[in-house]
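Everything on this sheet refers to the single structure shown next.
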Amino acid sequence: MRVSWIKLFQLIIFSMVMLSCQKEKSTSKAQDTATTTVNSHPKLILTAQGVKDIRAQLGSIPIFDHTLKAVQEEIDAEIAKGIDTPIPVDYSGGYTHVRHKRNMIVMQKAGVLYQILNDEKYAKYVKDMLMQYEAMYKTLPLHPKTRSYARGKLFWQCLNDSNWLVYVSQAYDCIYNFLSEEERNALETNLFRPFADHISVDSPQFYQRVHNHSTWGNAAVGMIGLVMDDEELIDRALYGIKDLKLDTTKKDDDGGFLNKDGKAGFLANIEEPFSPDGYYNEGPYYQRYAMYPFLIFAEGLHNVKPELKIFEYKDGVLLKSINALLNLSDADGDFFPLNDGQKGMSYYNDALVTAVDISYHFGTQDPGLLSIAKEQNKVLLDDSGLAVALGLKEGKAEPFNKKSINLSDGPNGTQGGVAILRNKEIELVFKYAAQGSSHGHYDKLSYSLYENGDEIIQDYGLARFVNIEQKGGGNYLKENKTWAKQTIAHNTLTVNETSHFKGKYDIGSLHHSDLHYFSSENRKVQVSSAIEQNAYPETEMLRTMAVINDSDLEKPYVLDIMRVTSNKANQYDFPYYFLGQVIKTNFEYKTPEVLKPLGTKNGYQHLFVEGMAQAEGNNSKLSWLNNKKFYTLTTITNNKDKLLFTRIGANDPEFNLRRDPALLLRRENTKNTTFVSTIEAHGSYSPVTESAINSNSSIKELKVLLDTHDYTVIAITNIEGITKLFITSNTNASKEAEHMLTINDKEYTWKGPYMLTETNTN
């Protein structure tokens with residue numbers, strides 16, 4: 001009897017062991033064949049079903065195979081060098097900063113390689129590195145650099161800590177089943193949950209906001225929450241920290257208020273910064289930066305919590321925003337440097353690879369996106385990258401056609417906007433948007449101009465050398481506030497040497513310009529007009545800009561009309577930041593023996609005066625050569641106007657600013673006035689044949705024929721004596737409005753806000 005009980009006990013134990021083994025084998029088999037249950041891993045970005053589909057296609061999807069090979073070579077080289085997780089000491093650009101930033105990217109890629117190639121060396125590499133971080137983070141203090149308003153632990157600011165967790169969440173998801181339960185418990189208890197708590201609960205001034213910083217924080221907390229099935233973290237990511245009281249009068253280091261309206265969390269960061277058109281209020285440079293956490297977290301939510309329908313939130317604005325962002329780039333794919341923006345940032349950035357692939361996979365599968373993916377020459381190694389690779393393989397790509405577009409600003413699309421006028425190779429970017437959060441500049445109704453990707457009239461962008469340690473630790477330089485944000489640094493009107501809204505964020509953030517009209521239906525004439533009433537007290541600016549394709553001229557030209565009305569006499573400064581070599585002027589100027597700054601504050605202290613002139617005729621002209629092409633500015637002047645050649649660089653002992661030129665038109669002691677100019681692109685120069693073609697302006701004269709409260713009429717006469725009239729309505733801009741106007745005894749009638757017509761006025 002006793003023996004029977006022993007045998008029965010042994011049989012029970014044996015059965016339990018066999019059942020456990022079968023369970024482990026089942027789990028292993030599920031991993032190998034990539035089943036798609038909701039709780040299986042990977043599930044965040046790369047999914048179990050996606051792994052199965054990718055493995056089935058490997059070797060037959062060229063762009064995916066090419067990307068996979070490049071990533072494998074990159075990570076194999078990193079593995080050969082060994083793991084380094086140094087104690088953090090540096091600002092951006094320093095060794096420890098760069099190493100930890102590199103580690104997060106390497107772990108994410110190694111995790112993906114483990115899933116796709118089923119090679120455990122990649123999982124072991126990620127595990128070993130994570131265990132080093134787990135051991136270090138338990139006792140890691142705040143970062144020793146104290147500049148940030150919200151210090152991280154691995155990095156000098158919580159923003160970079162959030163970057164790290166967004167990437168590492170993906171790596172953890174990919175090796176989740178490779179780890180033992182004990183290892184997962186150690187990582188989650190000692191690293192991931194404390195990490196998420198630090199960037200959120202411990203740093204509410206960073207996390208509890210509507211800002212690109214907070215978007216990264218929300219995504220980081222939410223993504224690790226999705227991997228760990230932690231509903232509390234997911235809830236905190238979506239809706240912010242509940243029942244938290246903050247000092248809403250305290251400002252961050254960028255000048256923005258913290259949690260002023262009590263709005264926080266990922267959904268608030270979708271709701272507030274994006275307009276219905278998908279324009280992001282901080283501008284394209286920061287939209288590009290924020291799109292990665294927006295889209296990666298959204299993809300994770302879509303895969304793990306499809307019931308949220310995140311890609312449908314706010315009428316699908318996340319996917320709309322990708323189209324808007326791509327349209328905010330020039331012919332070379334470089335983003336227009338609106339607000340704080342580093343020139344040269346383009347849709348070849350990895351964040352835009354993510355954006356293009358996710359937009360194609362989860363959107364309407366726009367074939368135009370495939371052409372951009374082809375130019376990028378790489379895809380994400382996940383489900384969306386596979387979709388793009390298959391689309392390219394099947395020959396579905398079509399050109400991404402950029403047209404003139406008007407993008408509204410503000411959560412409801414009622415806070416101004418940005419208009420892009422495109423006519424052949426000419427692109428004009430007209431900014432009449434809201435302040436743009438803490439990254440905004442004081443440049444209402446400013447513009448920049450491009451020909452086939454080359455700057456003609458430039459916007460300065462930001463004053464920062466991103467991730468170059470020698471230049472202020474890679475952070476914003478003081479000249480960003482003293483120069484780049486000031487009004488005089490932009491191609492718009494400065495009154496009495498004072499920036500718009502006195503250069504104060506809390507004033508500027510209350511106001512925005514308003515669209516007067518936008519018209520792009522006529523392929524020959526693209527027009528945008530906007531009004532600004534708050535930049536200066538009791539002063540109104542109405543600017544109308546047109547890109548006109550006149551068959552009598554070689555290329556389309558720009559017509560610029562700025563009407564200013566004020567209740568008192570002012571000094572008006574109107575700069576043109578041209579790039580290139582001066583070729584010719586029609587006015588005599590003097591050059592000083594000693595260069596002196598133009599002023600003492602509001603950006604004027606950074607402008608040297610290199611030449612001075614008194615306007616001599618009704619039109620002043622400047623021609624210059626840039627990138628082997630000629631350009632001419634023609635502007636209406638009077639004999640009291642002053643013309644100043646300026647150059648950026650005064651009061652800049654550390655050479656933080658570029659030494660770029662400008663021509664500044666100054667009109668003094670004037671109440672109401674109108675600035676009118678044209679900018680022509682014409683001709684070319686070959687240094688090989690040493691020949692100049694069409695190097696002279698084709699516009700002979702500009703005249704204001706009428707300028708009233710209701711209408712402005714400009715006559716443009718070319719060198720052949722042919723005159724065109726451009727008539728714009730300053731009040732009634734309805735497309736249905738019918739107008740009648742008599743000019744020089746001739747009656748003109750038209751429908752809509754403007755008219756361009758040929759006339760005989762001479």
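The values are calculated or read from the model by the stated rules, or taken from the named source; none is laboratory data. Since the model is a prediction, treat every value here as computed from it, not as a measurement. Counting neighbours? That spans all protein chains shown, and the Cβs are built from the backbone with ideal geometry, glycine included.
Output the residue which, of all residues in the stretch 412-424 that are modelled with pLDDT of 95 or more and surrounded by fewer than 19 Cβ atoms within 10 Å (Cβ to Cβ), is nearest to PHE336 (Cα to Cα).
Per the criteria, the residue is GLY413.
Determine if the stretch 29-43 includes at least one residue that is over 48 Å from the mean Cα position of the chain (by Cα) and modelled with pLDDT under 95.
Checked the stretch 29-43: no residue is over 48 Å from the mean Cα position of the chain (by Cα) and modelled with pLDDT under 95.
For the stretch 287-315, how many residues meet the condition of being closer than 21 Å to SER200 by Cα and of a type in the set (Phe, Trp, Tyr)? So that I can check it myself, show each step before the final result.
From the stretch 287-315, those closer than 21 Å to SER200 by Cα are 289-298, 300-301; that's our starting set.
Next, from what is left, pick out any that are of a type in the set (Phe, Trp, Tyr): 289, 292, 294, 297.
Total satisfying the criteria: 4.
Residue under question is GLY649, and the condition is that it be crowded, with 18+ Cβ neighbours inside 10 Å and in contact with a helix residue (DSSP H, G or I) (Cβ under 9 Å, 6 or more places away or on another chain); does it hold? Reasoning before the result, please.
On the way: crowded, with 18+ Cβ neighbours inside 10 Å: yes; in contact with a helix residue (DSSP H, G or I) (Cβ under 9 Å, 6 or more places away or on another chain): yes.
In short, yes.
Could you give me the residue pairs with C-beta distances under 8 Å whose first residue belongs to the stretch 462-475 and is farther than 23 Å from GLY436 by Cβ, whose second residue is of a type in the set (A, V, I, L, M) wherever it lies, and which are 6+ apart or on separate chains?
Close Cβ pairs satisfying both conditions: LYS471/LEU477.
Between ASP350, ASP366, ASP357, which is charged (D, E, K, R) and buried (at least 21 other Cβ atoms within 10 Å of the Cβ)?
From the options ASP350, ASP366, ASP357, the qualifying one is ASP357.
If you take the residues of the stretch 718-762 that are part of a loop (DSSP other than H, G, I, E, B) and among the acidic types (Asp, Glu), which of them is nearest to LEU633 (Cα to Cα)?
Residue satisfying both the conditions and the ranking: GLU720.
Go through (1) of a type in the set (A, V, I, L, M); (2) touching a strand residue (DSSP E or B) at 6+ places or on another chain (Cβ under 6 Å); (3) surrounded by 15 or more Cβ atoms within 10 Å (Cβ to Cβ) and name the single condition ILE719 misses.
(3)
Which count do you get for residues in the stretch 48-96 that are surrounded by 15 or more Cβ atoms within 10 Å (Cβ to Cβ), hydroxyl-bearing (Ser, Thr, Tyr) and within 29 Å of the chain's Cα centre (by Cα)?
4
Quick check, is LYS584 surrounded by fewer than 17 Cβ atoms within 10 Å (Cβ to Cβ) and free of Cβ contacts under 8 Å to residues at least 40 places away in the same chain? Walk me through it before giving the result.
Working: surrounded by fewer than 17 Cβ atoms within 10 Å (Cβ to Cβ): yes; free of Cβ contacts under 8 Å to residues at least 40 places away in the same chain: yes.
So LYS584 passes the test.
Looking at the stretch 334-445, what strands (runs of 3 or more DSSP E) fall wholly within it and have at least 2 residues that are within 18 Å of the chain's Cα centre (by Cα) and within 18 Å of LEU319 (Cα to Cα)?
Working: elements: 405-408, 416-423, 426-433.
Once the strands (runs of 3 or more DSSP E) in the stretch 334-445 are filtered for at least 2 residues that are within 18 Å of the chain's Cα centre (by Cα) and within 18 Å of LEU319 (Cα to Cα), what remains is 405-408.
Given the conditions (1) assigned by TED's automatic domain parsing to the domain that holds ASN586; (2) touching a residue at least 12 places away in the same chain (Cβ under 8 Å), and given that GLU701 satisfies all but one, which numbered condition is not satisfied?
Single failed check for GLU701: (1).
Restricting attention to the stretch 601-643, which residues are touching a Ser or Thr at 6+ places or on another chain (Cβ under 6 Å), part of a loop (DSSP other than H, G, I, E, B) and closer than 28 Å to ILE714 by Cα?
Residues satisfying the conditions are ALA615, THR637.
Among SER519, SER529, SER566, which is modelled with pLDDT of 95 or more and either acidic (Asp, Glu) or touching a His at 6+ places or on another chain (Cβ under 6 Å) (or both)? Even if it seems obvious, please write down each step before you answer.
Working: SER519 fails: either acidic (Asp, Glu) or touching a His at 6+ places or on another chain (Cβ under 6 Å) (or both); SER566 fails: either acidic (Asp, Glu) or touching a His at 6+ places or on another chain (Cβ under 6 Å) (or both).
Selected residue: SER529, the only one of SER519, SER529, SER566 that is modelled with pLDDT of 95 or more and either acidic (Asp, Glu) or touching a His at 6+ places or on another chain (Cβ under 6 Å) (or both).
Determine if the stretch 621-639 includes at least one residue that is modelled with pLDDT under 95, more than 24 Å from THR498 (Cα to Cα) and assigned by TED's automatic domain parsing to the domain that holds ILE456.
We begin by selecting, within the stretch 621-639, every residue modelled with pLDDT under 95; these are 639.
Narrowing the set further to residues that are more than 24 Å from THR498 (Cα to Cα) leaves 639.
Applying the additional criterion that residues be assigned by TED's automatic domain parsing to the domain that holds ILE456 yields 639.
Looking for residues that are modelled with pLDDT under 95, more than 24 Å from THR498 (Cα to Cα) and assigned by TED's automatic domain parsing to the domain that holds ILE456, one finds at least one in the stretch 621-639, hence yes.
Scan the strands (runs of 3 or more DSSP E) fully inside the stretch 516-600 and keep the ones with 1 or more residues being of a type in the set (Phe, Trp, Tyr). Write out each step before concluding.
Working: elements: 525-536, 539-548, 557-566, 570-576, 581-585.
It comes to 525-536, 557-566, 570-576.
Of everything in the stretch 670-689 that's surrounded by fewer than 20 Cβ atoms within 10 Å (Cβ to Cβ) and either more than 24 Å from LEU706 (Cβ to Cβ) or of a type in the set (Lys, Arg) (or both), which residue is farthest from the chain's Cα centre (by Cα)?
The qualifying residue farthest from the chain's Cα centre (by Cα) is THR689.
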